[in-house]
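Here is the structure we will look at.
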Amino acid sequence: MRYLKILGINILIIFITGCTVDELLNELKGKKTPKVDLVKAIDEGKVGGFDRSDPINVQYEMVLNYVRSLNIQCVDDEMKSGPSPEINSNDKLVEAAKEHSDDMLKSGNFSHVGSDNSHSYDRMRKHGFKGLKYAENIYYKHDSLGNGRDTWIHAIESWIESTDGHCSNMMDPDITDFGMYESKNSDNTTSYITLDLGQKE
């Protein structure tokens with residue numbers, strides 16, 4: 001009965017305000033989903049020293065650290081916020097991210113669980129990363145015209161706006177290292193991206 005009363009109140013509020021439940025919860029928290037235009041920030045020179053001719057891991061590191069330098073309040077369950085300390089690209093985490101992106105591309109299964117039933121922390125430890133904390137973000141895109149060069153940037157933007165923990169994974173001040181990898185099919189129409197994050201022991 002109590003549940004029905006609460007549901008009735010929620011429906012009444014939604015009817016009066018025209019809000020969805022998610023919008024209502026965000027308003028109650030007093031927070032809005034953060035939006036960051038990373039392509040614009042790069043084009044305006046805000047991502048200091050960013051150069052598209054640099055190795056891709058250097059580009060990833062510069063953009064992720066730019067994001068972590070911002071005053072972002074995540075709206076997911078953990079509600080982490082920035083600015084946060086800089087993080088470093090770690091070859092062991094890159095290998096773990098590559099393994100999972102390649103596996104998702106091959107299997108067509110968009111999941112944190114690998115085709116061998118491995119989890120993110122299994123893969124990170126398998127590749128030699130010993131951590132106090134592990135986290136993983138994944139992204140999938142299919143475009144019949146072929147993916148553009150900025151698919152990975154759009155992935156980071158979508159994680160910032162996510163309400164499912166992806167934003168807090170990136171903004172977590174305890175994180176020290178990351179590895180990111182994008183796997184594409186031969187005609188560049190399908191892309192799977194994995195971002196593995198960890199705190200060194």
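The values are calculated or read from the model by the stated rules, or taken from the named source; none is laboratory data. Bear in mind the structure is a predicted one, so any value in this text is a computation, not a measurement. Note that each Cβ is placed from the backbone with ideal geometry, even for glycine, and that neighbours are counted across all protein chains shown. For the accessible areas, the whole protein counts, side chains as well, though only heavy atoms, and no ligand, DNA or RNA atoms are used. Shrake-Rupley method; radii C 1.70, N 1.55, O 1.52, S 1.80 Å.
Descriptive notes on the structure:
- For V67, the solvent-accessible surface with a 1.4 Å probe is about 0 Å², rounded to the nearest 10.
- Measuring max minus min along each principal axis, the C-alpha atoms of region 99-201 give extents of 43, 30, 20 Å (largest first).
- Sulfur and carbon atoms: percent of accessible area, region 94-201 [1.4 Å]: 45 percent
- Surface analysis of region 62-129 yields an accessible area of 51 Å² per residue, using protein heavy atoms and a 1.4 Å probe.
- The trypsin sites (Lys or Arg not before Pro) of region 49-155 meeting both criteria, a DSSP state outside H, G, I, E and B (loop) and at most 14 other C-beta atoms within 10 angstrom of the site's C-beta, are R52, K130, R149.
- Using θ = phi - 60° in the Karplus curve 6.51 cos²θ - 1.76 cosθ + 1.60, the 3J(HN,Hα) couplings for region 81-98 round to 9, x, x, 10, x, 5, 10, 10, 5, 10, 4, 5, 6, 4, 5, 5, 5, 4 Hz; x is entered for Gly and Pro.
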